[in-house]
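Taking it in order: structure first as structure tokens, then the write-up.
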Amino acid sequence: GDSVTQMEGPVTLSEEAFLTINCTYTATGYPSLFWYVQYPGEGLQLLLKATKADDKGSNKGFEATYRKETTSFHLEKGSVQVSDSAVYFCALSDKGAQKLVFGQGTRLTINP
Amino acid sequence: DAGVIQSPRHEVTEMGQEVTLRCKPISGHNSLFWYRQTMMRGLELLIYFNNNVPIDDSGMPEDRFSAKMPNASFSTLKIQPSEPRDSAVYFCASSPSGTGEQPQHFGDGTRLSIL
């Protein structure tokens, strides 16, 4: 079945550091890919998405590129802020299906 | 815009009691999802509805759990009888119906504690 594997956390960085959170997937078709973010005490919020190969999703300085050849969708940000501290989830959904398959989440802490 | 609204935000009850969690999806969204989040198992899909019809309930843990969607603007998740291992954060999410390219919009969750 479909699956998503994320980089194990927790990840701790200093403010203004470069961030990468790795995400790889297994799917039978050509899924849509998502990054969600969860702040403490809140539900998940969509951060960015990409629906086909080579698409780049971007939002709030975060970027991720849909790489079909490596089945990856790594999340990057050039300069993180304390306010980026949260749990990040990579997810996929197959075309024609509405179920999301989530990775296990990566907790990110940014120190001032 | 009103997002997905869940109630209650917190629920503490004793083992054996019936628990009912409520969800109001975003107006115009045709799909509704119930998730459970725990430290041990992460985020699990329990059940989802499309146009008020249950499509996949394979994630519902056992017969103690049931979910209904009587109309397009309301859904409930019921646990009867509740057990301590049901303690978790339960999320409801909704999305426009479609091809799987539409993101899901999550509520803030119900934190459930069964004593």
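For the stretch A:72-112, report the translational diffusion coefficient in µm²/s to the nearest whole number, using Stokes-Einstein at 37 °C, 0.692 mPa s, and a Kirkwood Rh over Cα pairs.
Once the numbers are plugged in, D ends up at 270 µm²/s.
Report, ordered by chain and residue number, the lysines lying within cross-link reach of residue A:77, taken as a straight Cα distance under 16 Å and ignoring same-chain residues fewer than 8 apart.
A:49, A:56, A:60
Suppose R0 equals 35 Å. What FRET efficiency, 1/(1 + (r/R0)^6) with r the Cβ-Cβ distance, do residue B:14 and residue A:2 give to the nearest 0.05?
Efficiency at R0 = 35 Å is approximately 0.35.
Once R0 is set to 30 Å, what does the formula 1/(1 + (r/R0)^6) return for the Cβ-Cβ distance between residue A:42 and residue A:69, expressed as a FRET efficiency to the nearest 0.05?
0.30
Over all distinct Cα pairs, what is the inverse of the mean 1/r for the stretch A:35-84, reported as the Kirkwood hydrodynamic radius in Å?
After inverting the pairwise mean of 1/r, the radius is 11.8 Å.
Compute the relative contact order of chain B as a whole-number percentage, counting only Cα pairs closer than 8 Å that sit 6 or more residues apart in sequence.
Over chain B, the number comes to 37 percent.
Evaluate the distance, in nm, between pseudo-label points positioned 7 Å from the Cα of residue A:58 and of residue A:82 along their respective Cα→Cβ axes.
The two pseudo-label positions are separated by 2.8 nm.
Charges only on Cβ, +1 for Lys and Arg, -1 for Asp and Glu: so what's the dipole of the protein assembly as shown about the Cα centre, in debye to the nearest 20?
It works out to roughly 260 debye.
Treat the count of other C-beta atoms within 10 Å as a stand-in for reagent exposure and order A:69, B:101 from fewest to most.
Ranking A:69, B:101 by Cβ neighbours within 10 Å, fewest first, gives A:69, B:101.
Rounded to two decimals, what ratio of Rg to Rh does chain B give with C-alpha atoms and a Kirkwood Rh?
0.95
Determine the shape class of the stretch B:72-115: with a ≥ b ≥ c the square roots of the Cα gyration tensor eigenvalues, call it rounded for a/c under 1.5, and otherwise prolate if a/b is greater than b/c, oblate otherwise.
prolate
On the principal axes of its Cα set, how long, how wide and how thick is chain A? Give whole Å, largest value first.
Computed over chain A, the largest-to-smallest principal extents equal 43, 28, 21 Å.
Can you pull the one-decimal nm distance between simple spin-label points at residue A:22 and residue B:71, each 7 Å off the Cα toward Cβ?
Result: 5.1 nm between the two label points.
What ranking do A:33, A:13 get, fewest neighbouring Cβ atoms within 10 angstrom at the top?
Going from sparsest to densest Cβ surroundings: A:13, A:33.
Please compute the length gained on full extension between residue B:97 and residue B:62, using 0.36 nm multiplied by the number of residues separating them and subtracting their Cα-Cα distance.
Working it through step by step, the gained length comes to 9.9 nm.
State the dimensionless ratio Rg/Rh of the stretch A:1-65 (Rg: radius of gyration of Cα atoms; Rh: Kirkwood radius).
Ratio of gyration radius to Kirkwood radius: 0.97.
What Kirkwood hydrodynamic radius, in Å, does the protein assembly as shown give when the mean of 1/r is taken over all pairs of distinct Cα atoms and then inverted?
18.1 Å
In debye, nearest 20: dipole of the stretch A:42-98 around its Cα centre with unit charges on the Cβ of K, R (+) and D, E (-)?
My answer is approximately 140 debye.
Test of understanding: ordering B:20, A:24, A:106 by Cβ neighbours within 10 Å, fewest first, what list do you get?
B:20, A:24, A:106
Could you tell me which trypsin sites (Lys or Arg not before Pro) in the stretch A:29-111 are loop residues by DSSP with no more than 15 other beta carbons within 10 angstrom of their beta carbon?
Passing sites in the stretch A:29-111 are A:52, A:60, A:68, A:95.
Read-outs: derived from the displayed coordinates by stated rules, not from any lab. Every value quoted in this text rests on a predicted model; they were computed, and no experiment measured them. FYI the Cβ positions are ideal-geometry reconstructions off the backbone, even for glycines, and counts take in every protein chain you see.
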